[in-house]
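See below for the structure under consideration.
The values are calculated or read from the model by the stated rules, or taken from the named source; none is laboratory data. All values derive from a computational prediction rather than experimental measurement. Ideal geometry is used to build each Cβ from the backbone, glycine not excepted, and the neighbour counts take in all protein chains shown. Quick note on the areas: whole protein, heavy atoms, side chains included, nothing else; ligands and nucleic acids left out. Shrake-Rupley method; radii C 1.70, N 1.55, O 1.52, S 1.80 Å.
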Amino acid sequence: MIRPRIFAYYLPQYHPFPENDEWWGKGFTEWTNVARARKLFPGHKQPHIPADLGFYDLRIPEIRNQQAELARQAGIEAFCYYEYWFGNGKQLMQRPFEDVVASGRPNFPFCLCWANHSWYKKLWDPKQPGKDILLMEQTYNGEKEYTEHFKHLLPAFKDKRYVRVDGKLFYAIYDAIGFKDVETFIKTWRKLAQENGLTDFYFVATDYNSEHKDSLLAKGFDAINNVDYINIYHVAPKWQKALKTIGRKYFGIPMIYKYKDAIRYMLHPSCKEREVIPVIAPNWDHTPRSGRRGLVFTDCHPKYFKQLALNAFSMLKDKPSEEQIVMLKSWNEWGEGNYMEPDLEYGHGYINALAEAIKEVI
């Protein structure tokens, strides 16, 4: 029997904070990019407008409660909140998750993914490669700081809502490959877990095409998260990529692929293996952030997403029930055109599609 455990990545961005005010202008949030997005080619669906929740502010607890209820309707087990710890105690966008922990609401399971990467102001200019402006640098400062990081998150780890796999706390690391000191980090946190009455961690590393699987497992990870949601861009025939590159360079047309074609490449065969977690994405359109340099999936109809979900579930059947996990990218990445929340085009379409897919396999 298959009982898929769906953990949805959650972006805790939608509220103003001082750094964004400084970098992008007073009151900037992701909604700024979303609202000003424009059609860049015939048939392009922009802007994407939220329906039920509107252009929300994540400082409002009622919004977070409504999100949890919608996620339940979809059959999602937990939100996987991105956390941004840059080193030397510096954090960004921490308020929504800290409010969730402090308030005990919503009463909905959660886990964490450390989004351990530097922030840049991207120029998206092929004439200036490597000239993006560094805004916030990701640093790693050894065992003392890893301990500080752990202690900061300890209230969350002790929260009854925190998701476990075989009794272990699920914790993902986004840039596991670039984190050269990750073995020290993992050993430190496993030791701290025991000292603080926690069982252990279920560490998950992000990877593409599972090419680093063995080396990541050897460093102490329990599983890898196979992130192939835009893999069609990498596997498309050279002639096709060449034509699309010419279109972008000379005519300002983004890289465009049909979603029904893209989903054929989202699930790598290795996702059938016990230590590999598949990722599914309902849609993708990066142009609100990157303009004509973006990547767009067109006709992202919920019926195709349902089929993708079913394909992912079929890869779980030989895994232990606790490890029948699928990561959903994402709950609310509106700036990437990558979200489950209701919009004016499909309403509850993605939520209903996922719920139907789950119902068909359990």
Discussion item. Give me the extension gain from ALA102 to ASP175: residue separation times 0.36 nm, minus the current Cα-Cα distance, reported in nm with one decimal.
Written reply: 23.5 nm
Worksheet, complete the sentence: Placing each pseudo-label 7 Å from Cα in the direction of the beta carbon, THR245 and ARG59 end up separated by a distance in nanometres of 4.6
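Kindly provide the trypsin sites (Lys or Arg not before Pro) of segment 33-122 that DSSP labels as loop, not H, G, I, E or B, and whose Cβ sees at most 14 other Cβ atoms within 10 Å.
Working: sites: ARG36, ARG38, LYS39, LYS45, ARG59, ARG64, ARG72, LYS90, LYS121, LYS122; in loops: ARG38, LYS39, LYS45, ARG59, LYS122.
Filter output for segment 33-122: ARG38, LYS39, ARG59, LYS122.
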Fill in: Given charges at beta-carbon only (K, R positive; D, E negative), |dipole| of the chain in Debye
1020
Discussion item. Connecting C-alpha atoms closer than 10 Å in a GNM of the chain, tell me which of GLY43, GLY220, GLY294 has the biggest fluctuation.
Written reply: GLY43
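Stretched out fully, how many nm does the piece from ILE362 to ARG72 gain, at 0.36 nm a residue minus the Cα gap? Walk me through the intermediate numbers first.
On the way: separation 290, 0.36 × 290 = 104.40 nm, distance 1.58 nm.
This chain segment gains 102.8 nm when fully extended.
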Practice prompt. Indicate, rounded to the nearest 5 percent, the antiparallel portion of the DSSP beta bridges found entirely in segment 1-154.
Written response: 40
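Length gain on complete extension for the stretch ARG190 to GLN307, per 0.36 nm per residue less the alpha carbon to alpha carbon distance?
Extending this stretch completely gives an extra 38.3 nm.
Let me have the relative contact order for the chain, percent, based on Cα pairs under 8 Å that are six or more residues apart.
Numbers: 682 pairs, mean separation 77.1, N = 362.
Relative contact order of the chain: 21 percent.
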Item to complete: Using only Cα positions of segment 63-194, each an equal point scatterer, no hydration layer, compute I(q)/I(0) via Debye at q = 0.15, 0.16 Å⁻¹ and quote the log10 values to two decimals.
Response: -0.82, -0.91
Discussion item. Once you place label points 7 Å from the Cα toward the Cβ at VAL235 and GLU211, how far apart are they in nm?
Written reply: 1.4
Fill in: Rounded to whole Hz, the Karplus (6.51, -1.76, 1.60) HN-Hα couplings of segment 211-227, x for glycine and proline
5, 10, 3, 4, 5, 5, 4, 5, 7, x, 6, 8, 7, 10, 9, 7, 9
Worksheet item: What does the accessible area per residue of segment 12-58 come to in Å², with a 1.4 Å probe and no ligands, DNA or RNA counted?
Response: 49
Fill in: Most fluctuating residue given options LYS260, LYS187, LYS329, as computed from a GNM of the chain linking Cα atoms under 10 Å
LYS187
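For segment 106-250, what is the accessible area per residue in Å² when the probe is 1.4 Å? Let's see the in-between values first.
Values: 7310 Å² over 145 residues.
So segment 106-250 comes to 50 Å² accessible per residue, rounded to a whole number.
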Item to complete: For CYS113, enumerate residues with amide H under 5 Å from its amide H, sequence gap 5+ or separate chain, H modeled in the peptide plane.
Response: TYR81, TYR82, GLU83, ALA172
Worksheet entry | Highest-fluctuation residue, TYR174, TYR56, TYR259 considered, GNM on the chain with Cα pairs under 10 Å | TYR56
Worksheet entry | Portion, in percent, of the accessible area of segment 1-145 that falls on carbon or sulfur, probe 1.4 Å | 51
Worksheet entry | Reference-scaled alpha-carbon Rg (2.2 N^0.38 Å with N residues) for the chain | 0.96
Worksheet item: Is the shape of segment 124-223 best called rounded, prolate or oblate, per the rule: a/c under 1.5 gives rounded, else a/b larger than b/c gives prolate, else oblate, with a ≥ b ≥ c the square roots of the Cα gyration tensor eigenvalues?
Response: prolate
